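Read through the structure below, which is laid out as structure tokens, and then see the notes.
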Amino acid sequence: MIYLTLLISTLLTFISCGPNNYTEESMLSETQSIKSSDELNYYVDKFKEYSVKRGRHIDMSGIVIGFTSKTLTSNAYSQGTIGRCYTASKVIVINKDKWSELSNIEKESVVIHELGHCAMGLKHNEGHDVNQWPISIMYPSVDISYYYEQNKDVYLDRLFE
């Protein structure tokens with residue numbers, strides 16, 4: 001019980017990723033009931049595999065990823081948020097209902113994007129190339145999944161360079 005109380009009070013002091021400062025109340029609501037899963041761990045393992053293949057060994061210690069049934073607070077980038085990384089606490093929450101609506105490539109891109117925040121400290125990148133394609137998996141929308149599927153190796157090379 002003491003550990004849980006300490007964890008919750010620690011989480012309350014951190015700011016989530018994204019452009020807005022989320023309230024302590026929304027952060028507590030989103031993180032207190034997360035549940036890990038083999039499905040999420042599969043995508044975390046893919047992230048590790050992709051990084052090692054490109055010569056990067058990313059420190060994954062302390063990262064917690066899990067599902068929540070809570071609605072994640074909307075931000076400036078979306079109608080509703082699928083995943084969020086609380087960078088200081090290294091906690092990633094994924095909305096279970098929204099997740100169930102995603103294709104496998106969308107799921108992979110969401111987890112890799114959130115790990116880009118939590119494991120690598122990356123911010124959103126809204127840049128586009130000459131064809132108006134997002135230049136990074138760190139683009140702040142699940143729409144990146146379409147481009148990611150078309151040019152997966154390019155996006156992964158850029159992420160891990």
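Take Glu30 and decide whether it is at pLDDT below 90 and out of contact with any Lys or Arg (no Cβ under 8 Å at 6 or more places or on another chain).
no
If Ala76 satisfies every condition in (1) modelled with pLDDT under 90; (2) surrounded by 13 or more Cβ atoms within 10 Å (Cβ to Cβ); (3) closer than 28 Å to Val154 by Cβ; (4) among the aliphatic types (A, V, I, L, M) but one, which is the exception?
Only one criterion in (1) modelled with pLDDT under 90; (2) surrounded by 13 or more Cβ atoms within 10 Å (Cβ to Cβ); (3) closer than 28 Å to Val154 by Cβ; (4) among the aliphatic types (A, V, I, L, M) is unmet by Ala76, namely (2).
Under 7 Å between Cβ atoms, at least 6 apart or on separate chains: pull out the pairs that start in the range 132-143 with a residue that is in contact (Cβ under 8 Å) with a residue 40 or more places away in the chain and over 13 Å from Phe160 (Cα atoms) and end on any residue that is of a type in the set (S, T, N, Q) and surrounded by fewer than 21 Cβ atoms within 10 Å (Cβ to Cβ).
Filtered contacts from the range 132-143: Ser141/Ser78.
Here are some conditions: (1) surrounded by fewer than 18 Cβ atoms within 10 Å (Cβ to Cβ); (2) under 27 Å from Ser69 (Cβ atoms). Glu106 meets all but one. Which one does it not meet?
Checking Glu106 against (1) surrounded by fewer than 18 Cβ atoms within 10 Å (Cβ to Cβ); (2) under 27 Å from Ser69 (Cβ atoms), the one that fails is (1).
Could you pull out every one of the helices (runs of 4 or more DSSP H) wholly within the range 60-161 that has 1 or more residues that are over 17 Å from Tyr50 (Cα atoms)?
Because the criterion is at least 1 residues that are over 17 Å from Tyr50 (Cα atoms), the helices (runs of 4 or more DSSP H) in the range 60-161 that meet it are 96-99, 144-150.
The values are calculated or read from the model by the stated rules, or taken from the named source; none is laboratory data. Nothing here was measured: the structure is a model prediction, and the numbers come from that model. Note: ideal-geometry Cβ built from the backbone for every residue, glycine included; neighbour counts use all protein chains shown.
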